Amino acid sequence: MSIASRLSELEIELPEVAAPVAAYVPAVVHAGLVYTSGQLPFASGALPATGKVGAEVTAEDAKMYARTCALNALAAAAAAAGGLEKIGGVLRVGGFVASDPAFTGQPGVINGASDVLGDIFGGAGVHARAAVGVAVLPLDSPVEVEVTFTLA
């Protein structure tokens, strides 16, 4: 099944590629891989929330924002690779969670990204991963996700 068909089956519409907030490009193709820059959970050009997970943002909401980050990463990767069908699978996910000092649920938050990529790619979506708690992220975003994709 094609990726576009799978997205349609899952009722997922990929967003437009988010504009960079600094001096970088959204994704780069190199040696059979597509590396995405860190993606924030932009939806319609805006962050849905700001603040720390475990304080101003719930873990459940942050998990949904991580899902949005992963979809933004897939959109960026597809644009860089020349189309959605050029993406073969997921190699690695790096997730960053702006965390209240007492919050330790970063892996559960980043599952939002891992789960949606697994839903889309099936076995080709199995990946290595890091889920890291940080003090603050760009624009006070609660989450940021970067993904390394393989080419088809």
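The values are calculated or read from the model by the stated rules, or taken from the named source; none is laboratory data. Since the model is a prediction, treat every value here as computed from it, not as a measurement. So basically every Cβ, Gly included, is an ideal-geometry build from the backbone, and we count neighbours across all protein chains shown. Side chains included, ligands, DNA and RNA excluded: accessible areas come from the protein's heavy atoms. Shrake-Rupley method; radii C 1.70, N 1.55, O 1.52, S 1.80 Å.
Details
- In region 50-66, the condition of being within 11 Å of the chain's Cα centre (by Cα), in a helix (DSSP H, G or I) and closer than 21 Å to residue 150 by Cα is met by at least one residue.
- Residue within region 86-93 that is in a helix (DSSP H, G or I), within 29 Å of residue 2 (Cα to Cα) and open to solvent by 10 Å² or more (accessible area, probe 1.4 Å) present: yes
- Matching residues, region 17-27, being more than 19 Å from residue 64 (Cα to Cα) and either part of a loop (DSSP other than H, G, I, E, B) or open to solvent by 70 Å² or more (accessible area, probe 1.4 Å) (or both): 19, 20, 21, 22, 23, 24, 25, 26
Conditions tested, residue by residue: (1) touching a residue at least 40 places away in the same chain (Cβ under 8 Å); (2) buried (at least 20 other Cβ atoms within 10 Å of the Cβ).
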{"site": "11", "(1), (2)": "no, no"}
{"site": "15", "(1), (2)": "yes, no"}
{"site": "31", "(1), (2)": "no, no"}
{"site": "58", "(1), (2)": "no, no"}
{"site": "65", "(1), (2)": "yes, yes"}
{"site": "70", "(1), (2)": "yes, yes"}
{"site": "74", "(1), (2)": "yes, yes"}
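- Matching residues in region 96-121 - criterion: being without any contact (Cβ under 8 Å) to a residue 60 or more places away in the chain and either farther than 20 Å from residue 53 by Cα or in a helix (DSSP H, G or I) (or both): 106, 107, 108, 109, 110, 111, 112, 113, 114, 115, 117, 118
- Note on region 113-151: residues that are surrounded by 15 or more Cβ atoms within 10 Å (Cβ to Cβ) and of a type in the set (A, V, I, L, M) total 11.
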